[in-house]
Amino acid sequence: MSSFDDSDAFEAASSQSLSARAMAARPMPHLDGLNPAQRAAVEALEGPVLMLAGAGTGKTRALTARIAHLLQTGTARPNEILAVTFTNKAAREMKLRVAALMRQPVEGMPWLGTFHAICVKLLRRHAELAGLKSNFTILDTDDQVRLMKQLILAEEIDEKRWPARQLAGIIDGWKNRALTPDKVPAADAGAFNRRGIDLYAQYQQRLRELNAVDFGDLLLHMIAIFQAHTDLLQQYQRWFRYILVDEYQDTNVAQYLWLRLLAAGHSNICVVGDDDQSIYGWRGAEVGNILRFEKDFPGAQVLRLEQNYRSTGHILAAASGVIAGNKGRLGKTLWTEGEDGKKVHLIGHWDGEEEARWIGEEIEAMTRGTRGMDPISPDGMAILVRASHQMRAFEDRFLTIGLPYRVIGGPRFYERMEIRDAMAYFRVVVSPDDDLAFERIVNTPKRGLGDKAQATMQKLARSNGVSLLEGARLAAETGAIGGKGGKELKALLDGLARWRDLMLGGLRPVTPGAADDDLLVEEDRPAAERLSHIELAERILDESGYTAMWQADKTPEAPGRLENLKELVKALESFENLQGFLEHVSLIMDNEQEDGEPKVTLMTLHAAKGLEFPAVFLPGWEDGLFPSQRAMDEEGMKGLEEERRLAYVGITRAERVCTISFAGNRRVYGQWQSQMPSRFIDELPEDHVEVLTPPGLYGHGGGMGASASPVADLMRGSDLHAAAARADVYNSPGWKRLQANQARPGLRQPAEARHMTVDAEAVSAFALDDRVFHQKFGYGTVVSVEGDKLGVDFDKAGAKHVLGRFLVAAGAAGDVPF
DNA sequence: TTTAGCATGCGAGAT
DNA sequence: GCATGCTAAA
């Protein structure tokens, strides 16, 4: 608590408060142009407020205006507002937009940030109350797993049965639900039984010994501190007079508890979110938090933002139609004053490659202007996929046709191996007792220090109660590690000591095992006498042999890695020292740089939340892929509803044109599979959908489309996707005749029932022992007939289940052009 | 200690 | 199909 005295944050801007008179005279530009609902949300400052903001309804605008309003009216000072976001990007953007609204830089706002950044700040102040030193390190997922692996190994548990990564994930889940080891229900340990809980407890113990926390701990420690020290909690309740939370539907239990503690005094808590866009259940988000808000905070005002400024009428209607299939939502009706625009486009393809080819062509056409629309720049187009491996087909295709694209959410800069290695070097220099970092670099590059040598270091460190680095020093000095490895180890240790010495300015001799606290007095030394941290970083990478390691590497990715290292050094420029940089990196992960060329964006549906594009492509709408089979298997109805919200998020990203597509065949893990159109396609309201027929596909592959597919589709009675499939390649005279002979069932069936109600007639074209041909699998013999699903023993590809629609009778003259 | 070769398993990914 | 991570052999 003593740390309050030297607090920057609470001092800032606390000198004068704005008088009511000043406020009356002040213009309120931040209110300009708000619609009535937004304005109500901005002006309802007191008490709990739930701002239910549908997609594209100007949520961020209202939220920032609300902050501006709090400030402009003098209701709160910048340091009295606690504004929480999930991502650093969102926090940054909010700061910028508030500043723009205020027409002046917003100094202060020290408490606008992510849950984690704010908790780091708080926890550094009160670390001792959690049994930590204020310079604790923050472990990322990789460190966590490595630590867990050590524990599992020490326990002599079969690592195969209980992989460290999986256990780390389970512990993460517990932390998301605010469950400390003593609170985990025994039944919850799952396959790990009590053992998992024991390991969790041990893991926490190790973290304490390492003076480290993981992301989940940041919240949990603060909750524990607040619960144990009510006086402290009350101070913060008084300080944070107004609380704002963005994306409330994404909060987990721990975040919810933390907020509830802080808001308990005044209840001036305004949460903003959209239950229909809750898509992060798998990482602990609880839709329940937003659904329950009115109960949690009695007297809450619920304000709905429903006027959409992004999408056309047809797109909104299609999205609404899909999301209406969900139960347990608060309910909103999006509307627009804009025009209906284009109907949502729907198209079926033969396989994934063809889907990619068609979308590539469609993008080129749209760039020029097509389907009666003005040209759209590739910058305004996005392809949103369910799973990142779907991106490959598009990347391949776009590379061949030379269509520029960018991928969002690939492996992140700071997650790449070389960057993590380099940063581990920095970490050891900054904190010599960062065992995990030392472990990472001790044999990178190879120094002849394998498992055996490292075990020796570990043992010495343990038995002497010192850091791993000290253990290594002991091992080297006592000759416990000798030979080539010992020599190399000495060189590394000398290097580390030298670099640390350089960092500290070389004024003070570095005693072995010097505490990190040295850093706290760094300011005492004249800057001129210190080597710049950038030069230092370069020297570390050179002298350690790390750069040389990649220069010697002949694999194709080596040059890229060296390039990345250069970028890393460049990134150091905006920081004062290595420690500041490491701090930043542990919390922030993003790196996007752009040249000016217009590019199509390729990303996952998850990554697209909050973004908008004039033209959006939604490929891969096939049951099992989207909705994901795994989501449905593991979470049942709950999982399906989250997938449906994902569909809703996808459609509502589109401003002017939204194109949904599916493929009949797809290679999944190297195996060809026939795919069923997504049940979400059946849920699209037909009046707002236009089924496209791709030109230029006729004659493609000759008879490959000559399957019974239209028949099967029609018999299944699914209107839209049948039409889409029919409009595709299946256009031979043969099946037009078949279509004409088939009566269409009038009623659409519920999606769930669809798979059950297969009409045997539809596939009567094939019988047991028939010889058939399949585009991908080749020739085979029918071994089973189950509705429209056939078991076929292919001559080359083996036994498979395929839909009759993708088979041709072999031997029928003219049917088999291959 | 390093490496080649085989088994395994696979969804979204902020902090 | 591919990346990861282990075992066996050099």
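Within region A:59-80, which residues are of a type outside the set (D, E, K, R), in contact with a strand residue (DSSP E or B) (Cβ under 6 Å, 6 or more places away or on another chain) and within 29 Å of residue A:606 (Cα to Cα)? If the condition is that a residue be of a type outside the set (D, E, K, R), in contact with a strand residue (DSSP E or B) (Cβ under 6 Å, 6 or more places away or on another chain) and within 29 Å of residue A:606 (Cα to Cα), then A:63 is the only one that fits. Here region A:283-300 is the region considered, the condition is being small (Gly, Ala, Ser) and more than 16 Å from DNA strand B (Cβ to nearest atom), and the residue that is most open to solvent (accessible area, probe 1.4 Å) is A:299.
Yes/no matrix, rows are residues, columns are (1) in contact with a strand residue (DSSP E or B) (Cβ under 8 Å, 6 or more places away or on another chain); (2) under 21 Å from residue A:123 (Cβ atoms):
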residue: A:214; (1), (2): yes, yes
residue: A:222; (1), (2): no, yes
residue: A:233; (1), (2): no, yes
residue: A:242; (1), (2): yes, no
residue: A:251; (1), (2): yes, yes
residue: A:263; (1), (2): yes, yes
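Per this entry, residue A:333 is counted among residues that are β-branched (Val, Ile, Thr) and part of a loop (DSSP other than H, G, I, E, B).
If I filter region A:407-417 for residues that are modelled with pLDDT of 85 or more and either within 26 Å of residue A:624 (Cβ to Cβ) or of a type outside the set (Val, Ile, Thr) (or both), do I get at least one hit? Yes, the conditions are met somewhere in region A:407-417. Only one entry of A:439, A:418, A:395 meets the criterion of being away from DNA strand B (no atom under 16 Å from the Cβ) and either within 30 Å of residue A:499 (Cα to Cα) or part of a helix (DSSP H, G or I) (or both), and that entry is A:418.
The single condition from (1) more than 16 Å from DNA strand C (Cβ to nearest atom); (2) open to solvent by 30 Å² or more (accessible area, probe 1.4 Å) that residue A:388 fails is (1). The set of residues from region A:46-62 being in a loop (DSSP other than H, G, I, E, B) and open to solvent by 20 Å² or more (accessible area, probe 1.4 Å) comprises A:46, A:58. Quick one: is residue A:201 modelled with pLDDT under 95, under 21 Å from residue A:147 (Cα atoms), in a helix (DSSP H, G or I) and of a type in the set (A, V, I, L, M, F, W, C)? Against the criterion (modelled with pLDDT under 95, under 21 Å from residue A:147 (Cα atoms), in a helix (DSSP H, G or I) and of a type in the set (A, V, I, L, M, F, W, C)), residue A:201 qualifies. Out of the residues in region A:121-143 that are assigned to a helix (DSSP H, G or I) and open to solvent by 10 Å² or more (accessible area, probe 1.4 Å), state the one that is nearest to DNA strand C (Cβ to nearest atom). So the residue we want is A:142.
Per this entry, residue A:591 is counted among residues that are modelled with pLDDT under 50, within 26 Å of the chain's Cα centre (by Cα) and either surrounded by 12 or more Cβ atoms within 10 Å (Cβ to Cβ) or among the basic types (Lys, Arg) (or both).
Within the span defined as region A:471-480, every residue fails to be touching a residue at least 40 places away in the same chain (Cβ under 8 Å) and within 15 Å of residue A:443 (Cα to Cα).
Among the residues of region A:626-652, just one is within 16 Å of DNA strand C (Cβ to nearest atom) and over 18 Å from the mean Cα position of the chain (by Cα), namely A:629.
Inspect all residues belonging to region A:372-389 and state whether any of them is within 16 Å of DNA strand B (Cβ to nearest atom) and either assigned to a helix (DSSP H, G or I) or at pLDDT below 90 (or both). Within region A:372-389, one or more residues are within 16 Å of DNA strand B (Cβ to nearest atom) and either assigned to a helix (DSSP H, G or I) or at pLDDT below 90 (or both). Checking each residue in region A:442-481 for being farther than 30 Å from residue A:551 by Cα, within 15 Å of DNA strand B (Cβ to nearest atom) and within 36 Å of the chain's Cα centre (by Cα) picks out only A:458. Kindly evaluate residue A:394 against the criterion of being open to solvent by less than 20 Å² (accessible area, probe 1.4 Å) and either farther than 22 Å from residue A:677 by Cβ or of a type in the set (D, E, K, R) (or both). Taking the combined requirement at face value, the residue does not satisfy it. Scanning region A:398-415 for residues that are within 22 Å of the chain's Cα centre (by Cα) and not in a helix (DSSP H, G or I), we see that the one that is nearest to DNA strand C (Cβ to nearest atom) is A:411. With respect to the stated conditions, residue A:424 is buried (at least 16 other Cβ atoms within 10 Å of the Cβ), free of Cβ contacts under 8 Å to residues at least 24 places away in the same chain and assigned by the TED database to the domain that holds residue A:501. Does region A:91-104 contain any residue that is in contact (Cβ under 8 Å) with a residue 40 or more places away in the chain and small (Gly, Ala, Ser)? No, region A:91-104 contains no residue that is in contact (Cβ under 8 Å) with a residue 40 or more places away in the chain and small (Gly, Ala, Ser). In region A:399-407, is there at least one residue being within 11 Å of DNA strand B (Cβ to nearest atom) and touching a residue at least 60 places away in the same chain (Cβ under 8 Å)? Looking for residues that are within 11 Å of DNA strand B (Cβ to nearest atom) and touching a residue at least 60 places away in the same chain (Cβ under 8 Å), one finds at least one in region A:399-407, hence yes. So residue A:303 passes all but one of these: (1) within 29 Å of residue A:635 (Cβ to Cβ); (2) open to solvent by less than 40 Å² (accessible area, probe 1.4 Å); (3) assigned to a strand (DSSP E or B). Which condition number does it fail? Failed condition: (1).
For region A:657-693, a tally of residues being outside any loop (DSSP other than H, G, I, E, B), within 16 Å of DNA strand B (Cβ to nearest atom) and either of a type outside the set (Phe, Trp, Tyr) or open to solvent by 30 Å² or more (accessible area, probe 1.4 Å) (or both) returns 7.
Under the condition of being more than 16 Å from DNA strand C (Cβ to nearest atom) and closer than 17 Å to residue A:392 by Cβ, the residues counted in region A:657-674 number 1. The residues on offer are A:236, A:248, A:280, and the sole one that is hydroxyl-bearing (Ser, Thr, Tyr) and either open to solvent by 10 Å² or more (accessible area, probe 1.4 Å) or outside the structural domain of residue A:52 (by the TED database) (or both) is A:280.
The values are calculated or read from the model by the stated rules, or taken from the named source; none is laboratory data. Since this is a predicted model, take the numbers as computed values, not measurements. When we count neighbours, we look across all protein chains shown, and the Cβ atoms used for this are built from the backbone with ideal geometry, even at glycine. These accessible areas exclude ligands, DNA and RNA; they are computed on the full protein's heavy atoms, side chains included. Shrake-Rupley method; radii C 1.70, N 1.55, O 1.52, S 1.80 Å.
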